[in-house]
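Novice: To start, I am sharing the structure in question, which I have written as structure tokens.
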Ligand SMILES: [Zn+2]
Ligand SMILES: [Zn+2]
């Protein structure tokens with residue numbers, strides 16, 4: 001399985017920077033987990049292939065350019081862009097984003113080939129298919145309805161925490177996954193901002209360390225993501241100091257293969 005955290009900012013020469021401001025993971029060049037930078041960081045080839053988007057929750061950093069992506073493709077889509085989300089997240093997207101005020105309600109629009117956007121409601125704690133992948137979604141602990149995911153292609157499984165603070169069901173699901181290759185886990189705030197992390201339901205390196213004790217898979221690759229750009233250096237230092245084996249930081253723009 002090939003996974004890339006799409007870049008979300010670019011330097012003066014147009015090169016991707018290491019900071020992550022938006023969340024969008026590209027899986028096998030055709031499915032994304034979240035859609036923060038989907039309209040600004042895909043290659044033309046990838047843009048032609050991605051038709052399945054899983055949305056973990058409706059926060060702006062996870063959906064920012066989703067409307068623009070569909071807008072860009074509008075005249076050329078020969079099949080709808082499928083947005084896979086829980087019914088409650090679909091309701092929030094329709095109410096707060098695709099509401100004719102912020103952007104058009106694409107789910108009700110067609111081009112000459114047919115519908116341009118389709119919602120696919122996803123179940124909780126039960127496998128469902130997205131393109132060639134089998135996915136399990138479980139609720140995590142964030143301030144809006146949010147899901148973590150285990151994504152499998154039959155050989156390889158990778159877990160995505162999305163945005164969360166201390167949680168149990170996610171770890172239980174990972175522990176029940178026979179073979180897990182990698183975990184992409186959030187680490188949003190530095191330890192000194194534990195209070196803000198708690199009210200906004202995010203991890204710090206220290207609370208992440210505590211929760212990692214619930215994970216039974218030893219020695220898998222663990223990559224920290226969703227590191228707030230303003231505190232990036234200190235968070236990375238604190239993560240290193242945890243001395244967790246194979247814990248690293250995911251680099252935007254780089255393709256990881258498991
Ligand atoms: Zn969030
Ligand atoms: Zn977020």
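The values are calculated or read from the model by the stated rules, or taken from the named source; none is laboratory data. This is a predicted model, so every value here is computed, not measured. Cβ: placed from backbone, ideal geometry, glycine included. Neighbour counts: every protein chain shown.
Novice: Give me a count of the residues in the stretch 107-135 that are free of Cβ contacts under 8 Å to residues at least 40 places away in the same chain and buried (at least 22 other Cβ atoms within 10 Å of the Cβ).
Specialist: 0
Novice: How about the stretch 116-168: which of its residues are within 12 Å of ligand 1 (Cβ to nearest atom) and part of a loop (DSSP other than H, G, I, E, B)?
Specialist: Passing the criteria: 140, 141, 142, 143, 144, 145, 146, 161, 162, 163, 164, 165.
Novice: Sticking with this structure for a sec: Filter the stretch 66-90 down to residues that are in contact with a strand residue (DSSP E or B) (Cβ under 9 Å, 6 or more places away or on another chain) and within 16 Å of ligand 1 (Cβ to nearest atom), then give me how many there are.
Specialist: Of the stretch 66-90, the ones in contact with a strand residue (DSSP E or B) (Cβ under 9 Å, 6 or more places away or on another chain) are 66, 69-70, 73-87, 89-90.
When the remaining residues are screened for being within 16 Å of ligand 1 (Cβ to nearest atom), the result is 66, 85-86, 89.
Number satisfying all stated conditions: 4.
Novice: So which residues in the stretch 14-65 are crowded, with 24+ Cβ neighbours inside 10 Å, assigned to a helix (DSSP H, G or I) and away from ligand 1 (no atom under 16 Å from the Cβ), if there are any at all?
Specialist: 38 - this is the single residue of the stretch 14-65 that is crowded, with 24+ Cβ neighbours inside 10 Å, assigned to a helix (DSSP H, G or I) and away from ligand 1 (no atom under 16 Å from the Cβ).
Novice: Another question, if that's okay. Could you run through the stretch 179-188 and say how many residues are in contact with a strand residue (DSSP E or B) (Cβ under 8 Å, 6 or more places away or on another chain) and either assigned to a loop (DSSP other than H, G, I, E, B) or in contact (Cβ under 8 Å) with a residue 60 or more places away in the chain (or both)?
Specialist: Within the stretch 179-188, the subset in contact with a strand residue (DSSP E or B) (Cβ under 8 Å, 6 or more places away or on another chain) is 179-187.
Among the residues that remain, those that are also either assigned to a loop (DSSP other than H, G, I, E, B) or in contact (Cβ under 8 Å) with a residue 60 or more places away in the chain (or both) are: 179-182, 184, 187.
Total meeting the criteria: 6.
Novice: Looking only at residues in the stretch 232-243 that are surrounded by fewer than 18 Cβ atoms within 10 Å (Cβ to Cβ) and touching a residue at least 24 places away in the same chain (Cβ under 8 Å), which one is farthest from ligand 1 (Cβ to nearest atom)?
Specialist: Here the residue is 241.
Novice: Turning to a different aspect of this structure: Looking at this structure, is residue 51 modelled with pLDDT of 95 or more and closer than 28 Å to residue 176 by Cβ? Write out each step before concluding.
Specialist: On the way: modelled with pLDDT of 95 or more: yes; closer than 28 Å to residue 176 by Cβ: no.
No; evaluated as a whole, the condition is false for this residue.
Novice: Against the conditions (1) part of a loop (DSSP other than H, G, I, E, B); (2) surrounded by fewer than 16 Cβ atoms within 10 Å (Cβ to Cβ); (3) within 18 Å of the chain's Cα centre (by Cα); (4) away from ligand 1 (no atom under 16 Å from the Cβ), where does residue 102 fall short? Just the number, please.
Specialist: Only one criterion is unmet by residue 102, namely (3).
Novice: Could you check, for the stretch 71-93, whether at least one of its residues is part of a helix (DSSP H, G or I), touching a residue at least 40 places away in the same chain (Cβ under 8 Å) and closer than 24 Å to residue 111 by Cα? Steps first, answer last, please.
Specialist: Going through the stretch 71-93, the residues part of a helix (DSSP H, G or I) turn out to be 71-73, 87-93.
Filter once more, keeping what is touching a residue at least 40 places away in the same chain (Cβ under 8 Å): 73, 88-89, 92.
Then keep just the ones that are closer than 24 Å to residue 111 by Cα; that gives 73.
Within the stretch 71-93, one or more residues are part of a helix (DSSP H, G or I), touching a residue at least 40 places away in the same chain (Cβ under 8 Å) and closer than 24 Å to residue 111 by Cα.
Novice: Also, I was wondering about something else. Scan the stretch 244-253 for residues that are surrounded by 12 or more Cβ atoms within 10 Å (Cβ to Cβ), more than 16 Å from ligand 2 (Cβ to nearest atom) and either more than 20 Å from the chain's Cα centre (by Cα) or in contact (Cβ under 8 Å) with a residue 40 or more places away in the chain (or both) and jot them down.
Specialist: Those that are surrounded by 12 or more Cβ atoms within 10 Å (Cβ to Cβ), more than 16 Å from ligand 2 (Cβ to nearest atom) and either more than 20 Å from the chain's Cα centre (by Cα) or in contact (Cβ under 8 Å) with a residue 40 or more places away in the chain (or both): 244, 246, 251, 253.
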